[in-house]
Amino acid sequence: MEERLGHSIARDQEQSGAERMDSGTLVFHAAGGTAVGLLLPAGFDAARLDLVEADLRRLLDGARRRPQIVALAQSQTQEASLESTGSVGLRLAYQLERVLDAQVVVAATEAPQEHVSGSLAPLPQVRIVGVSGRGDRRLLDAVVPDISDLARVARGEVPQLTMEGDPLGGVVADRRQRGGAVMVLPILVGDEAFGAVAIWPPGGREPIGAALAELSEALANAGPRLARALEADKRTAYATSDRLTGLANRRKFDELVSQAEPRGARKGALIYADLDRFKLLNDTLGHPAGDAALVHFARIIQGQIRGGDMAARIGGEEFAVWLPKSDLDVGVRIAERIRIKLGTTRWDWNGRSWPLSASFGVAACPETGQTLKHLPPQADAALYVAKNRGRNRVERAI
């Protein structure tokens, strides 16, 4: 029985006790703004009072968690179909933190990029989409290593794990590690895994009783929501992403740059890049090799740019990088970094080594153009100069 106990209980403080009344003995327990009580009949065996108080504490714990259970149930409504992967992940992370008093990380399994013929099929990426309040916010949106325990559970390779150490595979190198056991549990729909959660329970003790039941309920409710969100993300990605490399496509890239200035951006750098002698590569090794080289270059670009930058494939072997709020010197440095990384990273096709290089043109606002709309033709002209001057070089727009 849950009821208000009036001024005799300070519900915002943990308090318990017993009061004798005309009709019997009132035993109560209060904490965190909620109180529960039980009126025991006259003649109740006092030796059993400890059992009653233990039951009341469990009842109070369930009463305090009830709003969270209701919130999870409500998320199954039509509104849930509008959730993004990130909102599902963050909501689940914070929910489980409240339920378990634990740090929580939520990861989702994304569809792999298009398979390049003649190469091994890529594993689905596992991306961190939720970090609870006690977690390291730098983890959010990070892709965990394929061999990490979190990725293995999220892809359904293993059912679940309880382990010591870092299940994230060191995705943030200087992240301070928590000691004790870590639970890694899948987020399922039926038998299919769509993601996983990593939970650091207090004292390394696995949840039991009501907390365990709510953990299971939370994961069961999150599964269909996460699956819907991932499917929606995939449909969006097909419309705005290059199917081969996974980068933004030209439509998405042009839209981003064209919208930057009306939103108040007055500064930024634009890099255009083009793989050198790409036709020769295609003619010599075949088009599957050309596709693999494009994927390789895309990964090099992604690895050398910053978190707020955007890379796109805007043509056959043509790529672009948008660097918001960056000047011309920064754009040149990043282009040079990509060029050097590409030239010093070995690439081969079916055992045959092939040297890859690229040419780059860089423009920036306000150094080379007064408005952002002037940058694409300027970067393209600088790229043309780089090609004519011998390739494998970076040129500034003038």
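The values are calculated or read from the model by the stated rules, or taken from the named source; none is laboratory data. Since we're looking at a predicted model, the values are computed, not measured. A quick note on method: Cβ atoms are made from the backbone with ideal geometry, for glycine too, and the neighbour counts reach across all protein chains shown.
Within the bounds of the stretch 362-373, is there any residue that is farther than 18 Å from Ile305 by Cα, under 31 Å from the mean Cα position of the chain (by Cα) and modelled with pLDDT under 95?
Yes, there is a match, as at least one residue in the stretch 362-373 is farther than 18 Å from Ile305 by Cα, under 31 Å from the mean Cα position of the chain (by Cα) and modelled with pLDDT under 95.
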Quiz item: Which of the residues belonging to the stretch 240-253 are free of Cβ contacts under 8 Å to residues at least 40 places away in the same chain and either among the acidic types (Asp, Glu) or more than 16 Å from Thr85 (Cβ to Cβ) (or both)?
Solution: Arg251
Quiz prompt | Where Thr245 falls short, out of the listed (1) in a helix (DSSP H, G or I); (2) of a type in the set (S, T, N, Q); (3) under 21 Å from the mean Cα position of the chain (by Cα) | solution = (1)
Self-check item: Residue identified as at pLDDT 75 or above, polar (S, T, N, Q) and either outside any helix (DSSP H, G or I) or closer than 21 Å to Pro207 by Cα (or both) among Gln95, Gln76, Gln68
Solution: Gln95
Quiz item: Do we have Gly290 as under 30 Å from Arg57 (Cβ atoms), without any contact (Cβ under 8 Å) to a residue 60 or more places away in the chain and either in contact with a Gly (Cβ under 7 Å, 6 or more places away or on another chain) or assigned by TED's automatic domain parsing to the domain that holds Leu375 (or both) here?
Solution: no
Self-check item: Filter result for Leu323 (touching a Ser or Thr at 6+ places or on another chain (Cβ under 9 Å), crowded, with 19+ Cβ neighbours inside 10 Å and under 28 Å from Thr240 (Cβ atoms))
Solution: no
Quiz item: How many of the residues making up the stretch 293-341 are part of a helix (DSSP H, G or I) and within 26 Å of the chain's Cα centre (by Cα)?
Solution: 13
Self-check item: Residue pairs meeting the criteria (Cβ under 7 Å; at least 6 apart or on separate chains; first under 19 Å from Ser84 (Cβ atoms), in the stretch 203-224; second among the polar types (S, T, N, Q))
Solution: Ala218/Gln95; Asn221/Ser75; Asn221/Gln76
